[in-house]
1. Is it fair to say P124 is in contact (Cβ under 8 Å) with a residue 12 or more places away in the chain and either within 19 Å of G50 (Cα to Cα) or of a type in the set (D, E, K, R) (or both)?
2. In the stretch 190-197, is there at least one residue being closer than 15 Å to Y70 by Cβ and surrounded by 14 or more Cβ atoms within 10 Å (Cβ to Cβ)?
3. Of all residues in the stretch 32-90 being assigned to a loop (DSSP other than H, G, I, E, B) and among the hydrophobic types (A, V, I, L, M, F, W, C), which is nearest to S181 (Cα to Cα)?
Amino acid sequence: MVLSIFGVSMALASMGQPVRTALAQATTETFCVVADARVERDDPDRNIGGGVMLQVDSPNEDGLGEMQSYLKFDVTIPAGATITSATLTLWVRPTGTNGTQHNVHVYSVSNDWTESGITWNNKPALGMDVGMLPTIPAPNGTSFPVSASIAAAAFSGPGTYAFALAYPPGETHSDGIDFQSKEGASPGPCLDITYTEGDVDT
């Protein structure tokens, strides 16, 4: 028999003292990007890891102009913790070529790239589609945040995780979007990770 009293489950043993199991506590931590870069289809061997902008753009009718941006995070949560939710927050730059029609998705990618080495020609392939940014209004002279929920399935505990910001393959749009990189005006991209560490018997 199990009774739940004020958030504490009490298992009534047939012999001896009851076993009290404290419900798992959720913890949220923020991890800011440790590497970020953009890559450009029109300049496929160029590395742009030190730029102040993370740009995303779809190809035009000629297949040119496409840009993607890549992010890497070190998620240092306790071993054995279960990630229950994750939110990626990006800051739209106050100036740039931002339009108003966007369909930017967040894709899980391999983390075997470096900020100083990634190019269009060697970028990791887009993996699982783990989130989509909301409709982004044009900037009004100030930076502002936009956030996307990232599927918990993209994480498996502590480790280094990487993501790409890109339009879905095959889509074309007239508008691009510029975000702040970690080299630009603070803040840069950050992940808010919520996790639990399981029940604790007493």
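1. Values: in contact (Cβ under 8 Å) with a residue 12 or more places away in the chain: yes; either within 19 Å of G50 (Cα to Cα) or of a type in the set (D, E, K, R) (or both): yes.
Taking the combined requirement at face value, the residue satisfies it.
2. Checking the stretch 190-197: at least one residue is closer than 15 Å to Y70 by Cβ and surrounded by 14 or more Cβ atoms within 10 Å (Cβ to Cβ).
3. Result: V52.
Just so you know, all these numbers are worked out from the coordinates, no wet-lab data involved. Please read these numbers as outputs of a predicted model, since none were measured by experiment. Neighbour counts are summed over all protein chains in view; Cβ atoms, including those assigned to glycine, are modelled from backbone coordinates with ideal geometry.
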